[in-house]
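For reference, the structure is listed below as structure tokens.
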Amino acid sequence: MKRILDGLPYPVVAGRDAAQLVAELAGPLRHRTIVVSDRLVERRGKLVADAVRAAGCDVLGVVNIAAGERRKHLKTVTDLHTAFLHAGADRHTLVIAVGGGTLTDTVGFAAATLLRGIPWLAVATTIVGMVDAAIGGKTGIDRPEGKNLVGAFWPPVGVVADLDAVTTLPLRERRTGMAEVVKAAIVGDAELLERIALFDVKGDPQVWEPLVARAAAVKIGVVARDPLERGERKTLNLGHTFAHALEQASRYRMPHGAAVALGLRAAGILARDRTGWPHADHRRMLHALRRCGLHVHVRGLAPEAVMGAMRTDKKRVNGILRFVLPAKLGDVRYGCEVPAAAVHSALKELGTAVASGGW
Ligand code: GLY
């Protein structure tokens, strides 16, 4: 099973035999390579290393690291630089990153900054990675002040969605990954929302393939039109200003996808009086999120703590917070200025369960 997703200057391929797909991409380049994998998917990293070696690449090293939001910082990047240089990396060495979004963000940034940029290839092993993080060339790390505050646009030479990795993903990881699929549906594929509402997250890779392909296609389309986030690409941040602040306020105990689900509801609440976001669309969105097993009301975090975490958001311009808000399914606006009092009140509402007929 192999699905090629067109639209970007580099190949994006989804399939079950990821190691073979990586070998097909890397083999003809005949690069020397270094494979970096998340310890949780160490075996998949080894399969990739064996396959690229068999395809004629010289594997300089296989590095396994602990990933996750709490490891997405400068120390991990400098450790990677040390490992790459000690392995003998030069400007043509291909770094292959095998893991979820935090791993590919971090390794991609290490590649972007070593020797003023060396090539890298992303092998996504989580749903968030397959439909969002690995595609589009955003690389970066977190700062104590906030998420993704240091980074670079550094597109990979290819992206492989490792569909077989779904079989080893914990149920919670599958569920939280669906939040980005719901986001993609709101941004650019309203019909996908219906499919999500009927989707069984416990399904096998075959079941996931069309869903991953459709959500990734939305991302590819947006990134192809606006690779450097001058305009339209900002719509992919739907729900994320809230989500990043929720994650930070929870000291990263809240998984990214769980925060995105909450952020989508909060964006809908803000949009109610600003863009005319219809209640019917909001209900469809909430229904899809809940069907995936995602919570849509926040517990245990005070609105003030979340507001505090928003102070360092990247999307802030001259001290004013700008939000991405939905206007209707398939029509998402960016740059919407919202007063702090309204944000606070949306966060308060986010702390309440959705009553029938409510928001
Ligand atoms: N994750 C949002 C973007 O890549 O633009």
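The values are calculated or read from the model by the stated rules, or taken from the named source; none is laboratory data. Values in this document were obtained by computation on a predicted structure and should not be read as measured data. Glycine gets a Cβ as well: all are built from the backbone with ideal geometry, and neighbour counts include every protein chain shown.
The residues listed here are Val107, Val62, Val77; of these, the one that is more than 20 Å from Val160 (Cα to Cα) and either aliphatic (A, V, I, L, M) or more than 21 Å from the chain's Cα centre (by Cα) (or both) is Val77.
Does Ala213 satisfy the condition of being modelled with pLDDT of 95 or more, buried (at least 23 other Cβ atoms within 10 Å of the Cβ) and under 15 Å from the mean Cα position of the chain (by Cα)? Taking the combined requirement at face value, the residue does not satisfy it. If you go through segment 69-78, how many residues are assigned to a loop (DSSP other than H, G, I, E, B) and surrounded by fewer than 19 Cβ atoms within 10 Å (Cβ to Cβ)? Going through segment 69-78 one residue at a time, the tally reaches 1.
Within segment 87-98, the set of residues being under 26 Å from Glu247 (Cβ atoms) and either more than 16 Å from the ligand (Cβ to nearest atom) or free of Cβ contacts under 8 Å to residues at least 12 places away in the same chain (or both) comprises just one member, Val98. Out of all the residues in segment 276-293, which are under 15 Å from Ala184 (Cα atoms) and in a helix (DSSP H, G or I)? Scanning segment 276-293 gives Asp281, His282, Arg284, Met285, Leu286, Ala288, Leu289. Only one entry in Val98, Val107 is outside any helix (DSSP H, G or I) and closer than 24 Å to Ala215 by Cβ, namely Val98.
A count restricted to segment 85-109 and to residues that are surrounded by fewer than 24 Cβ atoms within 10 Å (Cβ to Cβ) and within 21 Å of Leu29 (Cα to Cα) stands at 8.
For segment 242-273, what are the residues that are closer than 14 Å to Val343 by Cβ and within 12 Å of the ligand (Cβ to nearest atom)? Ala243, His244, listed by residue number.
Please work out which residue is nearest to Ala346 (Cα to Cα), limiting yourself to segment 187-230 and to residues that are away from the ligand (no atom under 12 Å from the Cβ) and in a loop (DSSP other than H, G, I, E, B). Filtering segment 187-230 for residues that are away from the ligand (no atom under 12 Å from the Cβ) and in a loop (DSSP other than H, G, I, E, B), the one nearest to Ala346 (Cα to Cα) comes out as Asp189.
Filter segment 81-104 down to the residues that are β-branched (Val, Ile, Thr) and more than 22 Å from the chain's Cα centre (by Cα), then identify the one that is nearest to Val201 (Cα to Cα). Among residues in segment 81-104 that are β-branched (Val, Ile, Thr) and more than 22 Å from the chain's Cα centre (by Cα), the one nearest to Val201 (Cα to Cα) is Thr93.
Taken together, Ala66, Ala49, Ala54 contain a single residue that is closer than 17 Å to Thr104 by Cα and surrounded by fewer than 17 Cβ atoms within 10 Å (Cβ to Cβ), which is Ala66. The residues on offer are Ala179, Ala215, and the sole one that is touching an Asp or Glu at 6+ places or on another chain (Cβ under 9 Å) and of a type in the set (Gly, Ala, Ser) is Ala215.
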